[in-house]
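Computed from the coordinates by the stated procedures, all read-outs in this text should not be read as laboratory data. Computed from a predicted structure; not experimentally measured. Here the Cβ positions follow ideal geometry from the backbone for every residue, glycine too, while neighbour counts run over all protein chains shown.
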Amino acid sequence: MLKVQEIREIIKLVDQSSINEFTYELDGAKVSMKKTSAAEVVQTPKQVVEKTEQPKQIQEVNESNAKVENTEVHTPNAENTSTQKDDTDFDYEIVSPMVGTLYSAESPESDPYVQTGSKVTNDTVVCIVEAMKLFNEIEAEVTGEIVEILVEDGELVEYGQPLFRVKAK
């Protein structure tokens, strides 16, 4: 069985190459990846998500009184992380290493791996991301305290999407 770190390395290598599809099988475990172009747009109710470097304007129509609201959406940028803190002091963001569905607990009956205020170490499992029926444990990779949880249980996450904010110790 492949380890999460090995899968992350494969994702990085495929992402950086000109390969569009990749399948790897070992001892009954199979990993398949398929690149999508940056021009593809994923639509969810009342929201449009698009890969971009520039701020986008999204117009949302309120059907009950037909008003139009303009909302500016910024994509995370390494240079601007200090301006995007949302009044929360943090040093590190734990990001999704892959596209998939995030689960905050091992099972629906279990307590979440972490909550706001939880202390974490480098090897603390903070969540699971399911991708193609593979459940991948995501580790904190930093020692500190969870100060903000950015996604909800069962939510679809993208590659590189911030999941948790951590105040490093």
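Table for the structure above
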{"read-out": "Tally of residues being touching a residue at least 60 places away in the same chain (Cβ under 8 Å) and either under 17 Å from Ala168 (Cα atoms) or touching a Lys or Arg at 6+ places or on another chain (Cβ under 9 Å) (or both) across region 137-154", "value": "2"}
{"read-out": "Candidate set from region 125-156 (those that are part of a loop (DSSP other than H, G, I, E, B) and hydrophobic (A, V, I, L, M, F, W, C)); member that is surrounded by the fewest Cβ atoms within 10 Å (Cβ to Cβ)", "value": "Met132"}
{"read-out": "Restricting region 157-169 to residues that are surrounded by 15 or more Cβ atoms within 10 Å (Cβ to Cβ) and not in a loop (DSSP other than H, G, I, E, B), the residue that is farthest from the chain's Cα centre (by Cα)", "value": "Lys167"}
{"read-out": "Tally of residues being in contact (Cβ under 8 Å) with a residue 24 or more places away in the chain and surrounded by 12 or more Cβ atoms within 10 Å (Cβ to Cβ) across region 102-124", "value": "10"}
